[in-house]
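Bear in mind these aren't lab numbers, they're just calculated from the coordinates by the rules spelled out. Remember, predicted model here, so these are calculated numbers, not experimental data. Reconstructed Cβ throughout: ideal geometry from the backbone, glycine too, with neighbour counts over all protein chains shown.
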């Protein structure tokens, strides 16, 4: 009698593994997108709270914008009001009243926590 040969079909197993990685990748991208949105909204809320109010136009204009999806997702928090940059950075005649940079600084740990949370959720 000859020795028994154990055959493993690497082609089929490879497809199964690739599908598993693809599913994990999609789960990860989705979780990161969701959790980064939560983090961006926290930055937005703090920026609104920190923004100086005269007419309320600046505060009302602060918003979160999503660019891209999946692995290319990015979020921006800001304002399209023309004078927002002058309020944030000041001018020669007006002192700066930063509201965006401090809100980002305040939320750095929360942003990191949201990324870690997304990783944990994806690989349960």
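Taking the mean number of other Cβ atoms within 10 Å as a proxy for protection, how do you rank 106-113, 88-95, 57-64, 44-51 from highest to lowest?
Details: 106-113: 14.0, 88-95: 10.5, 57-64: 16.9, 44-51: 19.4.
Answer by packing, highest mean first, reads 44-51, 57-64, 106-113, 88-95.
Note down the nm distance, to one decimal, between modelled labels 7 Å out along Cα→Cβ at residue 109 and at residue 57.
That separation, rounded to one decimal, is 3.8 nm.
Order of 30-40, 75-85 by packing, highest average Cβ count within 10 Å first? Walk me through the intermediate numbers first.
Working: 30-40: 18.0, 75-85: 15.2.
Put in order of decreasing packing, that is 30-40, 75-85.
So what is Rg over Rh here for segment 33-122, counting just Cα atoms and using Kirkwood for Rh?
Rg/Rh for segment 33-122 comes to 1.04.
Which whole-angstrom value gives the distance between the alpha carbon centres of segment 27-68 and segment 86-108?
One Cα centre to the other: 16 Å.
In percent, how large is the relative contact order of segment 33-122, given Cα pairs closer than 8 Å and 6 or more residues apart?
34 percent
How much length would be gained if the chain were fully extended between residue 41 and residue 96, taking 0.36 nm per residue of separation minus their Cα-Cα distance, in nm to one decimal?
Working it through step by step, the gained length comes to 17.5 nm.
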